[in-house]
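**Q** Next up is a structure, given as structure tokens.
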Amino acid sequence: MGHFNIGEIRRSEHLPTRIASQLAAEISQARLNPGDKLPTEHVLAKTLGVSRSVIREAIAQLRNEGLVETRQGVGAFVSERSAQLIRIKDDELSDPGSFRAMFQLRIPLEIEAAGLAALHHTDDDLKRIDAALAMMTGDEKWTENGIDADLLFHRAVAQSTQNAYFATFVGFIAERISLAIAAARARAVLEEIVETTIAEHVALRDAIASRDPLAARAAMRAHLSGAADRIGLSLEQF
């Protein structure tokens, strides 16, 4: 591991996600190969100048994506399947074409998720959706926590499908998109955007709660169309 030379990470970025990306780059560039053991949490924390809890969260992200496997008491290893996995780097979406393509992919996934959530959600699922909505509409709606709550809302809808793959893919795409949107939001007329966004989420929540899949799909489509318009995206929708 002598050539494992990641520098210290800038504090302004979301550390676990940034470190997960750095480790994924080591894997994709074959400096870490399938079956290789990752350095220990202690070594990684020291090398990167962060706490072990940050390293643990980064490794958990990579495990969720299937890039690494952890073995109790032994450590983390590069997954044998890692070569086949999809990974999108955060900075890729700073390219307008890539961002638009990613947003386009999000639309059919999330519309379908909304319909399935209306049919299959449990009481606990609805509580999770409502908790995210409460965060979005509370005192912190003007802050970055409002964006986090928005992301939680979409993840909660995806989980309500009872299909774990929706939760994985929608969560992955929504997170990448929200990082890019955070920058756009800073430039926009915040008050107008926040109130409109909240109204769209409330309509979606109510359609899901009423177990009406067609209304839920329509509400999600309206929300995503509005979201695209607000950041100046023109998308093909049918």
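Values quoted throughout were computed directly from the atomic coordinates according to the rules given, and no laboratory measurement underlies them. Not measured: the values here are computed from a predicted model. Reconstructed Cβ throughout: ideal geometry from the backbone, glycine too, with neighbour counts over all protein chains shown.
**Q** At a Förster radius of 30 Å, what calculated FRET efficiency corresponds to the Cβ-Cβ distance of Asp206 and Thr47, to the nearest 0.05?
**A** Working: r = 49 Å, r/R0 = 1.64.
The value I calculate is 0.05.
**Q** Considering the convex hull of the alpha carbon atoms of the range 15-84, report its projected area averaged over all viewing directions, in nm², one decimal.
**A** Seen from a random direction, the Cα hull of the range 15-84 projects 4.1 nm² on average.
**Q** While we're looking at this one, here's another question. What FRET efficiency, computed as 1/(1 + (r/R0)^6) with R0 = 25 Å and r the Cβ-Cβ distance, is obtained for Leu126 and Phe172, rounded to the nearest 0.05? Please report the intermediate quantities before stating the final value.
**A** On the way: r = 23 Å, r/R0 = 0.93.
That gives a FRET efficiency of 0.60.
**Q** If you stretched the chain out fully between Asp95 and Ala30, how much longer would it get, using 0.36 nm times the residue separation minus the C-alpha to C-alpha distance?
**A** Extra length from Asp95 to Ala30 when fully extended: 20.9 nm.
**Q** Send over the per residue convex hull volume for the range 90-230, Cα only, as a whole number of Å³.
**A** Measuring per residue, one finds 90 Å³ for the Cα hull of the range 90-230.
**Q** Which value, in debye to the nearest 20, gives the size of the charge dipole of the range 90-230 about its Cα centre, when Lys and Arg are +1 and Asp and Glu are -1 at the Cβ?
**A** Dipole of the range 90-230, to the nearest 20 debye: 380 debye.
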